[in-house]
Structures are given as structure tokens and as C-alpha cells.
Amino acid sequence: MMLALGGALVYPRPLREDFEGECALADAAPINWTNAMTLLSVAILVGTELVGAGAAAGWAIGGLFQLGEPVTRALEGLLILTALTGLFYFLRAAVAHEPIRG
């Protein structure tokens, strides 16, 4: 999907339309299961590392500065959300380099 002049979306190849105007995306390109499994494995591995590091960093910072239990838990939650955001952007870049379809 690309942006054309004027902000309109342009698709690189036309998709076949089935069932009252719905596009058949599955007919456009088959799923590459090798890439899909690689991306799933990477998502599990990197996601576990990032979430664990976020929780550990929140716990360590809260304990180091003696912030108290509620503030420490809030800091852990904030860092875990930051880790999940990083995982989202990492997977978006990974899918761009190793597409699932095609």
C-alpha cells in the first residue's frame, strides 16, 4: 500500500473481488509458513525478554529508591507497556523485511 499524490491510497496490484465486493486477500499471495513461524518464534523470544526486562527494571528502580509498593508496581506496569510498544515496532519492521505473504 502506498500513498499517491493527494493522499489517496494506491495498491500495487489489483485484488480480485468476491462475495459482494469483498477483496480476496488470500488469493493475492499464499502464506509463507516458514516466515510466519520464524516471526512467531521471534515474537515470543523478544517479547519475553522485553517484558521480563521491563518488570525487572521497574522492580530494581523501585527498590533502589525505596519508592513503595504501589509506585513500584506502577513503574513496572509503565515499563512493561513500553516494552510491548517496542515489541510492536520491532515486529512491524521484521514483517517488512520478512513478509508473511508472498
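Sort 55-63, 91-99 by packing, meaning the average of other beta carbons within 10 Å per residue, with the highest value first.
The packing order, highest mean first, is 55-63, 91-99.
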Would you mind giving the average projected area, over all directions, of the Cα convex hull of the stretch 30-97 in nm² with one decimal? 4.8
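Fewest to most neighbouring Cβ within 10 Å: what's the order for 64, 87, 40?
So the residues, fewest neighbours to most, are 64, 40, 87.
We did not get these values from a lab; they are worked out from the coordinates using the rules stated. Bear in mind that the values here come from a model prediction, so they are computed numbers and not experimental data. Backbone-built Cβ (ideal geometry, glycine too); neighbour counts: all protein chains shown.
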